[in-house]
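A short reminder: the numbers here are calculations on the coordinates, not readings from a lab. Everything quoted here is computed from the prediction, not taken from an experiment. Neighbour counts are summed over all protein chains in view; Cβ atoms, including those assigned to glycine, are modelled from backbone coordinates with ideal geometry.
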Amino acid sequence: MTRPFILSASIAEVAFAVPESAAPILYAAEAAGLDLLVMGRSGARPFDAQVLLAWAAPLTSRLGLVATVPASNAHPFHVARALSAIDFLSAGRTGWSVVSEGAPQGMGEDMVGAARALWDGWGSDTLILDKASGRYLDASKVSASNYEGAFFKVAGPVNAMRPLLGHPLLVVDGDDPLAVADADIALFADGQPVPPASKRLLKVAPDADPAEPMARFEAGEIDGLHFTLTDALSQLPVIGARFGAPVSARPSESGDLRARLGLPIPSTASNQPGGAVIPENA
Amino acid sequence: MMDKQIHLWAFLQGIGFFPSGWMHERANPAGVFSMDYYARVAKLAEQGMFDAIVFGDQLQSRGAGGRTPERMAMPTLDPVSLLTAMAAVTKHVGLVATVSTTYNTPEMLAERFGTMERISGGRAGWNIVTTAHPDTAPNFGEDDLPPKDERYRHAKEVVAKACELWAAMDREGPLLPQGRPVLVQAGQSPDGRDFAARTAEAIFCPAANIEAGVDFRSDLRTRIAAVGRDPDGVRIMPGLSCVLGGTEEEARANHLAILDLADDALAIEYLSESLGCDLTAFDPAGAIPVDTILDRTILPKADIARAITPAQEKGTPLGDFAANFMRHPRGHNVFLGTPEQMADMMIAWRDAGACDGFTLQPSYMPGGLEDFVEQVVPLLQQRGRLRTEYPGSTLRETLGLPAREAVAA
């Protein structure tokens, strides 16, 4: 499989949280070929990005939907449930980015550990849904997590299915790095240490010259680009025109977000082989 | 203006009202994990002129720790996420999400509902619950639930603080179209009724028959007036499940067919889950093991005693009690009959003051909702008792409620 060139952007204005603004931006993001749209960032509240993700799910079909989650104003039990729901509603397109936003040292990492443990409390093949035998699920594949960290103590199991992606993509940002060894995506600016992750996206301006970053991609130094949107409706078409070509040249666009971007669940992060399987013909 | 308009809510939890509903040939159990299914049922509710779609919630996994059997252990989708996704594919129908005051901070609540309220264009409702299941506490790092009176005292503070935060959000960002979500409550205990009287703009409750409905609504209206609020500013919406047929006999046969999807053991499992005590090892032909249940239940003993004592005094065997419990789940009205009979019944309840409308709980999904919207809704509209178009864009306008008032202290 050829290595995908990943296009990502983030948006944080409060004005995004009304339907008249949000819908055209979502459509423009898909039209530009974005793989990921990160909603919210540190200091840009108040809006709950997880709620916006749910609204965006039925209005988009290929865009990866990433919520910033403040470690200090969220609880892993709620976050694990909301992201599981959004992953089903978006057919496997969710991600999350935990921001510290004044939280004590280590709280973000604890949030990640607790939510992952809850998702892993449900086996990939738990559901049966067999009308003839009356078996809805296999309870032996559901287990308590009994997670105990420095900030969160969560027994589980969570009353939500394991997400289709197994775990939503974990996005970490060099501006507010999380000490997690096996994140999926790292965002970083030139000159910044790159947080450990499977894929590295360089932050550039929406009107950057494509030549240099494309050369760095070809050299294997980065896996794609990340843009911070300040005027999304005018910037997204520019991004699409300058950087969309390698995205639209990809051989296959099918499959969930992990399959599409070549991101298996990090084996250290999960005790399950993959995401939830919904039995067919049910 | 229509005389005694009937309000309709759709309670679309999971796979339907009956525990065997998911096995029905017109049920789609895999659908509850897909957006296509939710888009379809949300549009159906809007076609049926429902005020709102409601989802309940719990913050513990049913079936956790082997306390309840696996057929009760159905995973759910987070209601705020689900309803907000439904907002994107509808224009008018209101969206009422159940969220606990015991395990959310006012800041979390205000931000979640504030965002839902803005992005839905003013269609958010909050069904305020205090969380009663003891398995919830360990999910939030605690050993036990706070006592009930403390949970309600805390709920009052949380609602008041959330209202302050919404007022602040309204000043700082895009306007919250309704100022705040419509406040909904579903408690039946004296604590719950008192809280509802002070806080709620709409109330969801069980009422097995018209007399129970009149009693509940009269009691609540008295309590509402006693705290200085206008009883006409509160909608009371008892649950209503139904199985329809072309004739009454056909409806009864359709009902039996749904119940027959369940084996005898499922009824006992359902009862076990509802009573918070595993009864699967007991002889269904034997007496209801009251002492054991009260000794082992993890739910409030007084509530459980109230549920089982009358049947025990009559000498009802455990299996029969469980089967009957499944026919009338959680004390709600289960209507069997023709669409005409159902419309008549709904109008009679409304005219008798038993309710302001109904919270429809389809027996299986999505077939049960389809039947109601196709067969009963047009009859109510022909009789001038159900709107044919929405009056405005916000849930508050749809409910015909006055502009928001302050929550009674």
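Relative contact order of segment A:88-202, please, whole-number percent, based on alpha carbon pairs below 8 angstrom and at least 6 residues apart.
On the way: 198 pairs, mean separation 28.7, N = 115.
Worked out over segment A:88-202, it gives 25 percent.
Roughly what % of DSSP beta bridges within chain A run antiparallel, to the nearest 5? Each step should come with its number before you reach the end.
On the way: 5 of 37 bridges.
Close to 15 percent.
If you take the charge dipole of chain A about its Cα centre, with +1 on Lys and Arg Cβ and -1 on Asp and Glu Cβ, which of A:Leu83, A:Trp122, A:Ala241 is farthest toward its positive end?
Farthest towards the positive end: A:Trp122.
What are the membrane-span-like helices in chain A by this rule: whole DSSP H runs, Cα extent along the axis at least 30 Å, mean Kyte-Doolittle hydropathy at least 1.0?
Span-like helices here: none at all.
Can you sort B:Cys242, B:Cys277 so the residue with the fewest Cβ neighbours within 10 Å comes first? Could the numbers behind the result be given before it?
Values: B:Cys242 26, B:Cys277 21.
In order of increasing Cβ crowding within 10 Å: B:Cys277, B:Cys242.
Can you compute 3J(HN,Hα) from phi for each residue in segment A:128-139, using the Karplus curve 6.51 cos²θ - 1.76 cosθ + 1.60 with θ = phi - 60°, rounded to whole Hz and x for Gly and Pro?
Using θ = phi - 60°, the values come out as 10, 6, 9, 4, 5, 8, x, 8, 7, 8, 9, 5 Hz.
Determine the relative contact order of segment A:140-282: mean sequence separation of Cα pairs under 8 Å and six or more apart, normalised by residue count, in whole percent.
Details: 174 pairs, mean separation 30.4, N = 143.
After rounding, I find 21 percent.
To check you understand DSSP bridge types, tell me what percent of the beta bridges within chain B (both residues inside) are antiparallel, rounded to 5. Please list the in-between numbers first.
Working: 2 of 36 bridges.
Counting only bridges with both partners in chain B, antiparallel ones make up about 5 percent.
How large is the dipole of segment B:319-409 about the Cα centre if only Lys and Arg carry +1 and Asp and Glu carry -1, each at its Cβ, rounded to the nearest 20 debye? Working shown, then result.
Values: 8 positive and 11 negative charges, 49 e Å.
With Lys and Arg at +1 and Asp and Glu at -1, about 240 debye.
Sort B:Glu117, B:Glu107 by Cβ crowding within 10 Å, fewest neighbours at the top. If you can, show how the numbers build up before the last one.
Numbers: B:Glu117 32, B:Glu107 17.
Fewest-to-most ranking of B:Glu117, B:Glu107: B:Glu107, B:Glu117.
Whole Å is fine, so just give me how far the alpha carbon centre of segment B:153-211 lies from that of segment B:341-409.
A separation of 20 Å, based on Cα centres.
I need two numbers for chain A: Rg to one decimal and Dmax as a whole number, Cα atoms only, in Å.
Cα-based Rg and Dmax for chain A come out at 18.5, 61 Å.
What is segment B:170-255 by shape, rounded, prolate or oblate, if you read a ≥ b ≥ c off the alpha carbon gyration tensor as root eigenvalues and call it rounded for a/c under 1.5, prolate for a/b larger than b/c, and oblate otherwise? Please list the in-between numbers first.
Working: a/c = 3.34, a/b = 1.65, b/c = 2.03.
It is oblate, given that a/c is not under 1.5 and a/b is not larger than b/c.
About the Cα centre of chain A, how large is the charge dipole given +1 on each Lys and Arg Cβ and -1 on each Asp and Glu Cβ? Please answer in debye to the nearest 20. Walk me through the numbers on the way to the answer.
Values: 20 positive and 30 negative charges, 128 e Å.
It works out to roughly 620 debye.
Would you mind calculating the relative contact order of segment B:137-268 from Cα pairs under 8 angstrom and at least 6 residues apart, reporting the percent as a whole number? Walk me through the numbers on the way to the answer.
Details: 104 pairs, mean separation 20.3, N = 132.
That works out to 15 percent.
Which of A:Asp173, A:Asp138, A:Asp110 moves the most in a Gaussian network model of chain A with Cα springs under 10 Å?
A:Asp138
In the protein assembly as shown, what percentage of the DSSP-assigned beta bridges are antiparallel, given to the nearest 5? Don't jump to the answer; show the numbers that get you there.
Values: 7 of 73 bridges.
Counting DSSP beta bridges with both partners in the protein assembly as shown, the antiparallel share is about 10 percent.
In debye, nearest 20, what is the charge dipole magnitude of segment B:235-330 about its Cα centre with +1 on Lys and Arg Cβ and -1 on Asp and Glu Cβ, if you could check? Can you show the working numbers first?
Details: 8 positive and 15 negative charges, 105 e Å.
Computed charge dipole of segment B:235-330: roughly 500 debye.
If you count, for each residue, the other Cβ atoms within 10 Å and average over each peptide, how do B:351-357, A:71-77 line up from highest to lowest?
Working: B:351-357: 19.6, A:71-77: 22.7.
Put in order of decreasing packing, that is A:71-77, B:351-357.
Let me know the mean shielding of B:102-110 by other chains, meaning the per-residue number of their Cβ atoms within 10 Å of its Cβ. Intermediate results must be reported in sequence, preceding the final value.
Values: counts 0, 3, 3, 3, 0, 6, 6, 1, 2.
Taking all residues of B:102-110 together, the mean is 3.
Among A:Phe217, A:Ser42, B:Phe195, which residue has its Cα furthest toward the positive end of the charge dipole of the protein assembly as shown, with +1 on Lys/Arg Cβ and -1 on Asp/Glu Cβ?
B:Phe195
Given a Förster distance of 51 Å, report the FRET efficiency between B:Glu340 and A:Ala259 from their Cβ-Cβ distance, rounded to the nearest 0.05. Write down the numbers at each step before the final one.
Numbers: r = 52 Å, r/R0 = 1.03.
Given R0 = 51 Å and the Cβ-Cβ separation, E is 0.45.
What's the average, rounded to a whole number, of partner chain beta-carbon atoms within 10 Å of each residue's beta-carbon in B:139-145? Don't skip to the end; give the middle numbers.
Details: counts 16, 8, 11, 2, 0, 0, 0.
Mean partner shielding for this stretch: 5.
Report the per residue volume, in Å³, of the convex hull enclosing the C-alpha atoms of segment B:107-266. Working shown, then result.
Details: hull volume 30.7 nm³, N = 160.
So the per-residue hull volume is 192 Å³.
From other protein chains only, count the Cβ atoms within 10 Å of every residue's Cβ in B:130-138, then give the mean. Don't jump to the answer; show the numbers that get you there.
Values: counts 0, 0, 0, 0, 0, 2, 3, 1, 6.
Per residue, the number of nearby Cβ atoms from other chains is 1 on average.
Classify segment B:300-409 as rounded, prolate or oblate, taking a ≥ b ≥ c as the square roots of the eigenvalues of its Cα gyration tensor: rounded when a/c is under 1.5, otherwise prolate if a/b is larger than b/c and oblate if not. If you can, show how the numbers build up before the last one.
Values: a/c = 2.55, a/b = 1.50, b/c = 1.70.
The shape class here is oblate.
Which order results if A:Ser124, B:Ser81, B:Ser363 are arranged by neighbouring Cβ count within 10 Å, fewest first?
On the way: A:Ser124 17, B:Ser81 29, B:Ser363 25.
So the residues, fewest neighbours to most, are A:Ser124, B:Ser363, B:Ser81.
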